[in-house]
Amino acid sequence: MATDSLNPRSWLYPTPRGLYCEPGGFYVDPAVAVDRAVITHGHGDHARPGHRAALATPETLAIMRARFEGMPDTAQQSLKYSETVRLGEVEVRLAPAGHILGSAQAVLTWRGQRIVVSGDFKRRPDPTCPPFEPVPCDVFITEATFALPVFHHPSDAGEIGKLLRSITTFPERTHLVGVYALGKCQRVIRLLRAAGYDKRIWLHGALVSLCRLYQEHGIDLGDVAPASEAILETFRGAIVLCPPGAIADRWSRRFAEPISAVCSGWMGVRARARQRGAELPLVISDHADWPELSQTLKDVGAPKVWVTHGREEALVFHARSLGIEAEALHLGGRDEEDG
Amino acid sequence: MQAFAALLDALSFQPARNAKLRLIETYLREVPDPDRGWGLAALTGGLDFPAAKPALLRGFGEDRIGPELFHLSYDYVGDLAETLALIWETDCAAGPPPTLGEVVDTLQRASRSETPGILKRWLDALDATGRWALLKLLPGALRVGVSARLAKQAVANIGNKPVDAVEEIWHGLTPPYRPLFDWLLHDAPRPSSNAGGAFLPPMLANPIEQGELGALEPAHFRAEWKWDGIRVQVAASGGVKRLYSRAGEDISGAFPDIVEAIDFDGVLDGELLVRREETVAPFNDLQQRLNRKAVTLRMLADHPAHVRLYDVLRLDGEDLRALPFDQRRARLEAWMALKPRQRFDLSPLVTFRDWAHLAELREGTTGDGIEGLMLKRADSAYLAGRPKGPWLKWKRDPMLVDCVLMYAQRGHGKRSSFYSDFTFGCWREVERRRELAPVGKAYFGFTDEELRWLDKWVRDHTTNRFGPVREVLPDLVLEIAFDGIARSTRHKSGVAMRFPRINRIRTDKPAAEADTVDNLLKLAARAAIDPS
Ligand SMILES: [Zn+2]
Ligand SMILES: [Zn+2]
C-alpha cells in the first residue's frame, strides 16, 4: 500500500511538544497543551489538559472530563472505534488497544501510506475493554514499557490466586492492594469477581470517582465502597484498594497489621518489588510483555517500526533481527508509567 | 516443587517473623511427605548438591536468547539466577514439573556432566517462580531471611511442641524427617535424641531490672564474669564431637582447633573466645573466625579459639541437668582438675560479700573482655529456655555518644508506615571541611511515642528520597547507647558498635556539638586493651 518514495518521517515526526502530524495539523498525545490533539487514552502522560480541540474515543473523553475540570464541550471531538474522520489531509481512525477503558491506537493514513501510533497496549484479554486490533500498516509506532526478555507476565488468574491464598493464610490482616487509579484498579476488581470473590471491596478515596465512571460505562464492579466509611474491625481480612503511594502513607495506619500487595508489571523483578516495599507483589500489567510485543510486530507486518516509551534498545535490536527496519523514537514528556 | 517455590517466593518478600512462621507452618501442614521434609531440609541448610554448582549456569542464558538480549536483561535484573528464571520460557511439551523430592534425589546422584541437561529439562517444565526457586536451591544457601532456628520453630508449632523439644532431637534426624512429622502430626512416639553429639537446649538469663537486686539475698547467688564472646555448647558422645552456637547451629566447621581438643564424653556450657596467651582478644577477632566457612592455618595461628567453661549438662552418659548449680559446679571443677586441658579453662566464680561489694567489682572492670556479671542461684537446676528468676545478667553500663540523624528508612510489618530504622553519623574533617560520616544504625531503644515523634520529624525534615529511605536535614542529635566498640575495616567510618540503640532524643543539643569520629576511634582503642 505504500508509495516507496514517501518518507514517513516527512509527515509524522517528533517535536518538543510531541509527535506532530504535519498534513493533519495535529499532535498525537502531546506533552503540552496544543491547538489540536489526538489522544490515545486517558492516562496522565498521554492525555493532558488545555487542548483547544481534542479527538478521542467517547470513553477517553469521559475520563478526561472526570480528570480535568471545566473542559469545554467545544474542545471535544468524539470518535467511536471503527469510525473514520478527516483532519486536514489525513484520515484518522481509532482502533482498540486493549490497554484500559477507551484506549485506542491512532490509525493515520495520508497519500496511501498508513502509520499506526499504538499508544499503550496489551494483548491479553481485559474484561474492561475490547481487545487490541492488529492493523496492517507501513509504519508501526510501538510502546516499549516492558521490552526486555525478562518480562513474561504470568496469567492474571494465577496472580489473583496468590492474593486470595494470602487472605486464607492471614485471615486477620487487611490486604492493602496498590493499584493505579485508572484501569488497573477496575481490572483487578473484575478479576477478583471472576475468581469468585464476592465480598465488599474497599476503595481509597482517590479511586472512587473513576470506579463510578467505569460502572456508568456498564462495567459491573460488584459491591465496592469507600474505605473511609467503616471502622477498623470491618477491615480484618478485607481487601482495600489504594494508589500504590498510599501504602507507605499515614493513611494506611488505620488498618490492622496490613499486608501490602502491589499490582504492576514491574513486580516481576524482585529488586523493583522490594524497592516498592511490596510484601505481596502481583504481576498484573496493562502493557504488553516481551512475547506480546514480539507477536504484535509480526501481526501488524509493518516493514518499519519506531520504538518509543520505555526500553527501546532491546526491542529495536529484536525487530532488526526479524528483518524489520527499526529505530528508537525519542518523545519527551513520558514518565515511567505505573505499568 | 511449585508449593516450595511459592513458599520461598512469599518468604523472600515477607519481613515479619510471625508472618514467616505462618507461611512455613502452612507449607509443612499442607504439603505431603516426603516433599515437606525436603523443604524443611532446604530451609535449615541441610541440602548439598556437590555436582550442581551455579557456575554450570554460565552460558545457559546466552545460548537461549543470544548474548545481546541476555546482557541487556542481566544488566537490568542484576541477579544471574533470577535473570535466567525470567527469560526462560515454559515449554508445555516438557511434561509435568518435577516434585521437590525428585529434584533433591536426582541432583544428589547426578554427575557433573549429566546435571546441565537435567536442569534444562526442569527449567522447561517449571514456571518462572519454580525456575527461580530451583536455581536458588543449587548453592545450598537459600538467603530468604529464614534462620534454621526459625524453621525449627515453625516445625515445633505445627505439633504444638516447644522448639527446644525439636532442637534436642534435631541432630539425630536426617531429611526428609519422616519420624519427626509422624511424631508432630500423627501422635507417633518422639524420635530418640541418643544420636552422638546431640545438642541440649541451653539455659538463658534475664537482665536485672532496676532495683531488683535489693530484694534478693546475696548468699543465695553465685557470681561469674560475663565474658564478651559467644555462648557455645561443646557436645561429644558416641565418637561424635560438635561445637554449637546458643541457637543450636553447628559451628564445628569454623573451629577445628576446639573440636580437635575434645577428648571426653559430655556436654559443656561455656564462652567461645579468641585468646592469645592469657589475653582475651576483642570480640571483633572472634567475629573474623566466625564468618569463615573454611579456616586457614594462618587464621588458626593468629586467632586461636578457646572455650571458658561455666557449666556441665552431661558427663560420661550421666544427665546432670536436674542437679543444683553448686553440685554441677563441683562436678565441673573436679573434672577439670583431673588433667590439664588445651583450649578449655574454667570461668572462675567471683566471690563477694554483698551487692554493694559486687557492684564495686563490676565497676572495676573495663575493656572488651568482660561484659558484666552473671548471677546464678546456687540451687538452680539447668532448665531449657529463659526461666524467670534463677539466672540473671548484670551488664556493665552502656557507653554513650551523641550522634546526628542522617537517614531514616521505613520499617517492616507493623512499622511499615513509620520511619523506624535510623542511620546516624559523627563529624569528621575531610580536606578541611567538616562533614558527617555514618557510624551506625539503630532501630530500637525508643518508646512508641518517641517513634511517632521521630517519624514526624523525619517527614518534616526530608531533603532527599531514595526508595524507602529518606535523607534528612542534619539537625537532630540522638544519644546512642552501645555495649562495645571496635575498629573495623568493613565500615566506612572505621568503627563498628555492638548493639547500638537510641537512648535519648537530644533536641536540646545543637548538631554541631555532636561527637566526632575521632572520639569514637579513641573509645575503640581503649576498649581493645585487655582488662586483666
Ligand atoms: Zn497508559
Ligand atoms: Zn503510557
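Points worth noting:
- Rounded if a/c under 1.5, otherwise prolate or oblate - the range A:156-282, Cα gyration tensor axes: rounded
- Using alpha carbons only, the radius of gyration of chain B set against its Kirkwood radius gives Rg/Rh = 0.99.
- Histogram of C-alpha separations across the range B:419-514, 5 Å bin width, %: 3, 12, 21, 25, 22, 13, 4, 0, 0
- Taking 0.36 nm per residue of separation and subtracting the Cα-Cα distance, full extension of the segment from B:ARG432 to B:THR516 would add 28.8 nm.
- Mean projection area, nm², convex hull over Cα of the range B:335-482: 15.8 nm²
- Loop-located trypsin sites (Lys or Arg not before Pro) in the range B:94-199, at most 13 other Cβ atoms within 10 Å (DSSP): B:ARG112, B:ARG143
- Considering only A:GLY88, A:ALA104, A:HIS46, and ranking their Cα positions along the charge dipole of the range A:24-120 that arises from unit charges at the beta-carbon of Lys, Arg, Asp and Glu, the one farthest toward the positive end is A:GLY88.
- Across all directions, the average flat footprint of the convex hull enclosing the Cα atoms of the range A:47-135 is 6.0 nm².
- Amide H contacts for B:PHE221 (H built 1.01 Å from N in the peptide plane; partners 5 or more residues away or on another chain; cut-off under 5 Å): B:ALA378.
- Most simply put, chain B has about 90% antiparallel DSSP beta bridges, counting only bridges with both residues inside it.
- For chain A, the Cα gyration tensor yields ellipsoid semi-axes of 37, 22, 16 Å (square root of five times each eigenvalue, largest first, whole Å).
- The A:ASP220 and A:ASP299 beta-carbon pair, evaluated with R₀ = 45 Å, returns a calculated FRET efficiency of approximately 0.90.
- Short to long, the 10 Å bins of the Cα pair-distance histogram for the range B:164-292 hold 11, 32, 29, 20, 9, 0 percent of all pairs.
- Each Lys and Arg contributes +1 and each Asp and Glu -1, all at the Cβ; summed about the Cα centre of the range A:1-135, the dipole is approximately 100 debye.
- Each residue of the range A:130-136 was assigned a 3J(HN,Hα) from its phi angle through the Karplus curve 6.51 cos²θ - 1.76 cosθ + 1.60 (θ = phi - 60°); the sequence is x, x, 3, 10, x, 10, x Hz, with glycine and proline shown as x.
- Less than 5 angstrom separates the built amide H of B:VAL439 from those of B:PHE424, B:GLY425, B:CYS426, all sequence-distant by 5 or more or on a different chain.
- Dipole of the protein assembly as shown, positive end: most advanced residue of A:THR308, A:HIS287, A:LEU192 [Cβ charges, Cα centre]: A:LEU192
- Sites matching GluC sites (Glu not before Pro) across the range B:176-247 that sit in DSSP coil, with at most 14 neighbouring C-beta atoms within 10 Å: B:GLU209, B:GLU212
- Rounded to 10°, Cα long-axis angle of helix A:184-194 versus longest principal axis of chain A: 60 degrees
- Around the Cα centre of the range A:257-339, unit charges on the Cβ atoms of Lys, Arg, Asp and Glu (plus for the first two, minus for the last two) sum to a dipole of about 260 debye.
- Overall, the protein assembly as shown carries a charge dipole of about 820 debye about its Cα centre when +1 sits on the Cβ of Lys and Arg and -1 on the Cβ of Asp and Glu, all other atoms neutral.
- By accessible area with a 1.4 Å probe, ligands and nucleic acids excluded, highest first: order of A:GLU327, A:GLU89, A:GLU159: A:GLU89, A:GLU327, A:GLU159
- Shape class for the range B:323-364, computed from the alpha carbon gyration tensor (a ≥ b ≥ c): oblate, with a/c not under 1.5 and a/b at or below b/c.
- Label-to-label distance, nm, for residues given as B:ASP91 and B:ARG178 (7 Å Cα→Cβ offset): 3.4 nm
- Solvent-accessible ranking of A:GLU279, B:GLU431, B:GLU318, largest area first, probe 1.4 Å: B:GLU431, B:GLU318, A:GLU279
- Taking the charge dipole of the protein assembly as shown about its Cα centre, with +1 at Lys and Arg Cβ atoms and -1 at Asp and Glu Cβ atoms, the residue from B:SER380, B:ALA301, A:SER228 reaching farthest to the positive side is B:SER380.
- Distant-in-sequence amide H partners of B:LEU476 (H built 1.01 Å from N, under 5 Å): B:LEU405
- Inter-probe distance in nm under a simple model that places probes 7 Å from Cα toward Cβ, at B:GLU363 and B:ASP475: 4.2 nm
- Spin-label model, B:LEU383 to B:ALA51: label points 7 Å out along the Cα-to-beta-carbon direction sit 5.2 nm apart.
- In Å², nearest 10: area of A:SER78 left accessible to a 1.4 Å probe: 60 Å²
- Trypsin sites (Lys or Arg not before Pro) within the range B:19-70: DSSP coil, no more than 13 neighbouring Cβ in 10 Å: B:ARG58
- Heavy-atom accessible area, 1.4 Å probe, ligands and nucleic acids excluded: residues of the range B:396-443 down by at least 40 Å² from chain alone: B:ARG410, B:SER417
- Carbon/sulfur fraction of accessible area - the range B:29-77, other protein chains in place, 1.4 Å, %: 51 percent
- The value given for the range B:252-371 is a Kirkwood hydrodynamic radius of 16.2 Å, derived from the mean inverse Cα-Cα separation.
- Note on the protein assembly as shown: Cα convex hull, mean projected area over all directions, 43.5 nm².
- Rg to Rh, two decimals, where the range A:1-154 supplies the alpha carbon set and Rh follows Kirkwood: 0.96
- D_trans [Stokes-Einstein, Kirkwood Rh over alpha-carbon pairs] for the range A:214-333, 10 °C, 1.306 mPa s, µm² s⁻¹: 88 µm²/s
- Full extension of the chain between B:ARG246 and B:GLU209 yields a length gain of 11.0 nm, computed as 0.36 nm times the residue separation minus the alpha carbon distance.
- Rounded to 5, percent antiparallel among DSSP beta bridges of the protein assembly as shown: 70 percent
- Linear extension gain, B:ASP263 paired with B:ASP460, 0.36 nm per residue minus alpha-carbon span: 64.6 nm
- Heavy-atom surface of the protein assembly as shown, accessible at 1.4 Å and reported per residue (Å²): 43 Å²
- The fraction of accessible area contributed by carbon and sulfur in the range A:156-282 is 51 percent, rounded to a whole number (1.4 Å probe; ligands and nucleic acids excluded).
- log₁₀ of I(q)/I(0) at q = 0.11 Å⁻¹ - the range B:329-411, Debye sum with one point per alpha carbon: -0.53
The values are calculated or read from the model by the stated rules, or taken from the named source; none is laboratory data. Everything numeric in this text was worked out from a predicted model, so none of it was measured. In this analysis, Cβ positions are derived from the backbone assuming ideal geometry, glycine residues included, and neighbour counts consider all displayed protein chains. Protein only, heavy atoms only, side chains kept; ligands, DNA and RNA dropped before computing areas. Shrake-Rupley method; radii C 1.70, N 1.55, O 1.52, S 1.80 Å.
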